[in-house]
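Novice: Right, I'll just put the structure down here and ask away after.
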Amino acid sequence: MTDEPLVDSNPGVVPDTLDSSMDSIEESTEPSLGVTRMEAAFGSGDGDEEATAVVAQAGSIEGGTIFDQVYRPWRGQLGSRWVRNYAIYRHHVYGIISSKGHRHYHPFVRLALLAILISSMAALGFLLLASLIGDPTIMRGFGLNRVNIYTKILGFFPRNALFWPLLTALVIGGMISEDRAHGTSAIYFSRPINRIDYAAMKYLSVASILGGVILISYVSFYSLAIVVEGRGWGYIFDSFPLFISGLGIAFLLIITYTSIGMALSSVSKGKFFPAVGFLSIILGTKLLAFLVDNLFDQSIVYLISPYDNLAHLGQYLMGIDLRYDHPVAFSVVSLLAINAVSLYVLSARVNSLEVTRE
């Protein structure tokens, strides 16, 4: 068995096969002038010889379209201005009863509102109890008189210490702050809704919920007291001016609490700050003024408290002994200033809402 060399014994001679391989390598370095079909790009069916691609363009073209977006303006008839405003109002107010198609209120909020309404009407139960047992002591404490009418609206505890501030705090949370946080203002202002209508309907929604609870409890108390005590038309005519004075104070309280609450909701992007801020303003200023008055005997410090300004004016209108040393005109001016500042903040913040998300 002989060993054969792995290479040619004559190195100067190049085999034909190697020569042909080198020629093919040299030819491959030249630029290719051939045509290559890219079926993966243009398709794999018939008609690929045309080598054309379908691109997005307006209108339909032969061969179909990938994407065609056409904007068509609304040609229908829009609802009136008040119909659009009522839609905003209904969205917030009806949400207390039903969340389907309206604003969603947490079940805790609904239960709290129901508890506040029932608690604010607790005096009706005592009136019925007094009429059944015939106890004049209970009737004097819960019957119809100047002090009790005043207390049903402006009594500090529990109504203005718990019921009305808590009710307002629960309602204003997220009223405008959610629109600012989630960009919902883009939905409102992309429709034919101006900022005045937007702010007015939000304001009216809060005032309606707060006023509904206050006025229902107040009117129910007055009506039931007339029936239970067996008063005649003469007594009704005599007490009706007191009833109207109480209504006026109730409306002032609703306006003041709503203005402060809406101003706080407009400067925030969450539900927690407006609610806590409102409770701090109503209860904090009352407590601070009370401490300063007891230490330094200066009742004028009550001008910083919205509740005390309302209480001072209410005592004056209803003929109750005034518990404040400063003139009632100071309380009126302070009350007007508080509402004016609150409404200015609300209008400024609503004007800063953009159509796009902030």
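The values are calculated or read from the model by the stated rules, or taken from the named source; none is laboratory data. Predicted, not measured: the structure shown is a model, and the values here were computed from it. No Cβ is skipped: glycine too gets one built from the backbone with ideal geometry, and neighbour counts run over all protein chains shown. The area values use the complete protein model at the heavy-atom level, side chains included, leaving out ligands, DNA and RNA. Shrake-Rupley method; radii C 1.70, N 1.55, O 1.52, S 1.80 Å.
Novice: Based on the mean of other beta carbon atoms within 10 Å per residue, what is the order of 271-278, 86-93, most packed first? Don't jump to the answer; show the numbers that get you there.
Specialist: Numbers: 271-278: 19.4, 86-93: 16.1.
Peptide ranking by packing, descending: 271-278, 86-93.
Novice: Under 8 Å for C-alpha pairs, at least 6 residues apart: give me the relative contact order for the range 117-268, rounded to a whole percent.
Specialist: Answer for the range 117-268 is 40 percent.
Novice: When we measure straight from the Cα of K269, which lysines land under 25 angstrom away, once same-chain ones fewer than 8 places off are left out?
Specialist: Cross-link targets: K100, K202.
Novice: How many Å² of accessible area per residue for the range 99-257, probe 1.4 Å? Don't jump to the answer; show the numbers that get you there.
Specialist: Working: 7120 Å² over 159 residues.
Result: 45 Å² of accessible area for each residue.
Novice: Two decimals, Cα atoms only, Kirkwood Rh: what is Rg/Rh over the range 136-187?
Specialist: That ratio is 1.36, to two decimals.
Novice: Just subtract the alpha-carbon distance of L291 and F273 from 0.36 nm times their residue separation and send over the number in nm, one decimal.
Specialist: Details: separation 18, 0.36 × 18 = 6.48 nm, distance 2.54 nm.
So the chain would gain 3.9 nm between L291 and F273.
Novice: Output the relative contact order of the range 171-257, whole-number percent, from Cα pairs under 8 angstrom with separation of 6+ residues. Intermediate values should be presented prior to the final figure.
Specialist: Values: 20 pairs, mean separation 29.1, N = 87.
That works out to 34 percent.
Novice: Sticking with this one: Have a look at H102, N160, G141 and report the one farthest towards the positive end of the charge dipole of the range 92-190, computed about the Cα centre with Cβ charges (Lys/Arg +1, Asp/Glu -1).
Specialist: It is G141, whose Cα lies furthest towards the positive end.
Novice: Between rounded, prolate and oblate, where does the range 231-358 land on the alpha carbon gyration tensor, with a ≥ b ≥ c its root eigenvalues, rounded for a/c under 1.5, else prolate if a/b exceeds b/c? Spell out each step's value before the answer.
Specialist: Details: a/c = 2.66, a/b = 1.49, b/c = 1.78.
Oblate shape, in that a/c is at least 1.5 and b/c is the bigger or equal ratio.
Novice: Show me the ranking of peptides 76-85, 143-152 by mean Cβ neighbours inside 10 Å, starting with the highest. Write out the running numbers ahead of the final one.
Specialist: Details: 76-85: 11.0, 143-152: 18.4.
Most protected by this proxy first, the peptides run 143-152, 76-85.
Novice: How big is the charge dipole of the range 211-318 about its Cα centre, in debye rounded to the nearest 20, if each Lys and Arg gets +1 on its Cβ and each Asp and Glu gets -1 on its Cβ?
Specialist: Details: 4 positive and 5 negative charges, 93 e Å.
Dipole size: approximately 440 debye.
Novice: On to the next question. Run the reach check for K286 against lysines, Cα to Cα strictly under 26 Å, same-chain hits fewer than 8 apart removed. What comes back?
Specialist: The qualifying lysines are K152, K271.
Novice: So, one more: With an 8 Å cut-off on Cα pairs and a minimum separation of 6 or more residues, tell me the relative contact order of the range 280-320 in percent. Could the numbers behind the result be given before it?
Specialist: On the way: 25 pairs, mean separation 15.1, N = 41.
Relative contact order of the range 280-320: 37 percent.
Novice: Also: Determine the distance separating the Cα centre of the range 108-164 from the Cα centre of the range 196-266; give it in Å without decimals.
Specialist: The range 108-164 and the range 196-266 have Cα centres spaced 15 Å from each other.
Novice: Let me ask something else. Given axes a ≥ b ≥ c from the Cα gyration tensor, I'd like to know whether the range 134-221 is rounded (a/c under 1.5), prolate (a/b larger than b/c) or oblate. Display every interim value, and only then the final one.
Specialist: Values: a/c = 4.94, a/b = 3.06, b/c = 1.62.
Because a/c hits 1.5 or more and a/b exceeds b/c, the range 134-221 counts as prolate.
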